[in-house]
Amino acid sequence: MPRPKSEFDDLRPLEFHEPAEILDADQLYTIYEIGRLLQGLDAEAELDIETENVLLDWAIPWMMGHSEQFVFAEPEADGEPGYYGLAPGVDAEGTTEQ
């Protein structure tokens, strides 16, 4: 149910990182690892399934919004996630270096 903004003491801007701010240019990550990194967690952090699902809800649209900055590698086996990484030349501002 909607609530008036006046009921909240702490309103902050909704800010998202650029992919190059959180991903190492020489590494590929699963969508699960990217979700953790977006929240400032270690890529290998152990999370319960409910938390993992919430992180996926944030990570997937974020990746789609930055799709031109990613490359993709096929999963190693059926039923496993694929791997994603920075496209060559992507810098921290989300632009491609010339």
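Before moving on, here are some points about what is shown:
- Exposure rule at most 14 other beta-carbon atoms within 10 Å, DSSP loop chymotrypsin sites (Phe, Trp or Tyr not before Pro): the chain longest free segment: 17-98
- Among the GluC sites (Glu not before Pro) found in segment 1-76, those both in a DSSP coil and sparsely packed, with 14 or fewer other Cβ atoms within 10 Å of their Cβ, are Glu15, Glu44, Glu46, Glu76.
- Under a 5 Å amide H cut-off, with hydrogens placed 1.01 Å from N, Thr30 pairs with Tyr84 among residues at least 5 apart or on other chains.
- Each Cα pair under 8 Å and six or more residues apart adds its sequence gap; the mean of these over the residue count of the chain is a relative contact order of 33 percent.
- Percentage of interatomic Cα-Cα distances in the chain larger than 21 Å: 41 percent
All of the numbers you see were taken from the coordinates with simple rules; none came from a lab. Fair warning: this is a prediction, and the values are worked out from it, not measured in the lab. With ideal geometry, Cβ positions are generated from the backbone for all residues, glycine too; neighbour counts draw on all protein chains shown.
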